[in-house]
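So the structure is just underneath, and the comments pick up after that.
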Amino acid sequence: MGITLIGVEGMPLVGEGDDIAYLIIKALNEGGENLLDGDIIVIAETVVSKAEGNTIDLEGIEPSPEALDIAERTGKDPSLVEAILGESSEIIRVGHDFIVSETRHGFVCANAGIDESNVDDGLATPLPRDPDGSAERILQTLQEATGRELAVIISDTQGRPFREGAVGVAVGVAGLSPIWDRKGERDLYGRSLQTTRVAVADELAAAASLVMGQADEGVPAVIIRGYPWKHLRSAGSVKSLLRPRELDVFRD
């Protein structure tokens, strides 16, 4: 099995009201490429939020006393801290230059997933309000326009406990199950797998992030071609990637 990663180059800077699916198809066509059956389209969450008008004007925020307190403890801008509080259901850890929180979606990550890169000065982009819904809308438009059977993943880059560096993860999915449960299959020695559940959507998002980059690469979407995912065909929801609180061994 081999897969191909195709960066969607030539997309313009995305603004509120832009049709992400249309921009992807247009950029692919101009580059001499088309979507094929089985393609998985991975899209950076920042451009999805920008297209949906989901941006935060940091300069217009009045920090609360809680935000001012956390800002003093972390060294972060008070307006950014207030924005993080607004996107969080729980603040889990704070320290010098870091805030770890649980977002309203249930993701545990730094800064509630708020991103200040690839956006105008003074603005920040939170995660899409409904990432699965955003992925589904983009998927439907792409499939209607192309007649192809596709899947969509909305990705973000996040850190991990006890490891340095950020990796791509899925924050929204449509068209495929984000988890591949391989329990009952046989390993190379014929033993039955007991607990193996593969976070396929995260693995695909991480692969795509190698092409997207994190700086000025200008590649907000990546086509993954050749991955055999038809056995995972489903409506899908990123919620199945979230560990239940009672099984979360890292949190008090």
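Report the full-extension gain for the segment residue 104 to residue 77: residue separation times 0.36 nm, less the Cα-Cα distance, to one decimal in nm. Show your work: numbers first, answer last.
Working: separation 27, 0.36 × 27 = 9.72 nm, distance 2.14 nm.
In short, 7.6 nm is gained.
Distances between placed amide hydrogens fall under 5 Å for residue 176 paired with 152, 234, all partners being 5 or more residues away or on another chain.
Ordering 3, 60, 75 by Cα displacement along the dipole of the stretch 1-113 toward the positive end leaves 3 in first place; charges were set at the Cβ atoms of Lys, Arg (+1) and Asp, Glu (-1). Legend: ranking of residues 22, 227 from fewest to most surrounding C-beta atoms inside 10 Å; resulting order 22, 227. Tally Lys/Arg at +1 and Asp/Glu at -1 over every other residue whose Cβ is under 14 Å from the Cβ of residue 37; what's the total? Local charge sum for residue 37: +2. For the residues 42, 198, 81, a GNM of the chain with alpha-carbon springs under 10 Å puts the largest fluctuation on 198. Each Lys or Arg adds one and each Asp or Glu subtracts one; over the other residues with Cβ under 11 Å from the Cβ of residue 146, this totals -3. The mean sequence separation of alpha-carbon pairs under 8 Å and at least six residues apart, normalised by the residue count of the stretch 89-147, gives a relative contact order of 18 percent.
Computed extension length for residue 233-residue 197: 11.4 nm, one decimal, from 0.36 nm per residue of separation with the Cα-Cα distance subtracted.
For the chain, modelled as a GNM whose springs connect Cα atoms under 10 angstrom apart, the maximal fluctuation among 38, 60, 213 occurs at 60. Computed from label points 7 Å out along Cα-Cβ, the spacing between residue 29 and residue 91 is 5.0 nm.
Assign one of three labels to the stretch 1-141, namely rounded, prolate or oblate, based on the Cα gyration tensor with a ≥ b ≥ c the square roots of its eigenvalues; rounded applies when a/c is under 1.5, prolate when it is not and a/b is larger than b/c, and oblate otherwise. Spell out each step's value before the answer.
Values: a/c = 2.63, a/b = 2.10, b/c = 1.25.
Prolate shape, in that a/c is at least 1.5 and a/b is the bigger ratio.
Considering only 218, 159, 106, give the residue with the highest GNM mean-square fluctuation for the chain, with springs between Cα atoms whenever their separation is below 10 Å. Its mean-square fluctuation being the largest, the pick is 159.
Per 0.36 nm of contour for each residue apart, how much would the distance between residue 186 and residue 120 grow if the chain were fully extended, relative to their Cα-Cα spacing? It would help to have the intermediate numbers written out before the result.
Working: separation 66, 0.36 × 66 = 23.76 nm, distance 5.15 nm.
Taking 0.36 nm per residue and subtracting the Cα distance, the gain is 18.6 nm.
Using a simple spin-label model with pseudo-atoms 7 Å out from Cα toward Cβ, residue 148 and residue 37 lie 1.3 nm apart.
Taken together, the values in this text are just the output of simple stated rules run on the coordinates, not laboratory data. Since the structure is predicted, the reported quantities are computational estimates derived from the model, not experimental observations. Don't worry about glycine lacking a Cβ; one is built from the backbone with ideal geometry, like all the others, and counts go over all protein chains shown.
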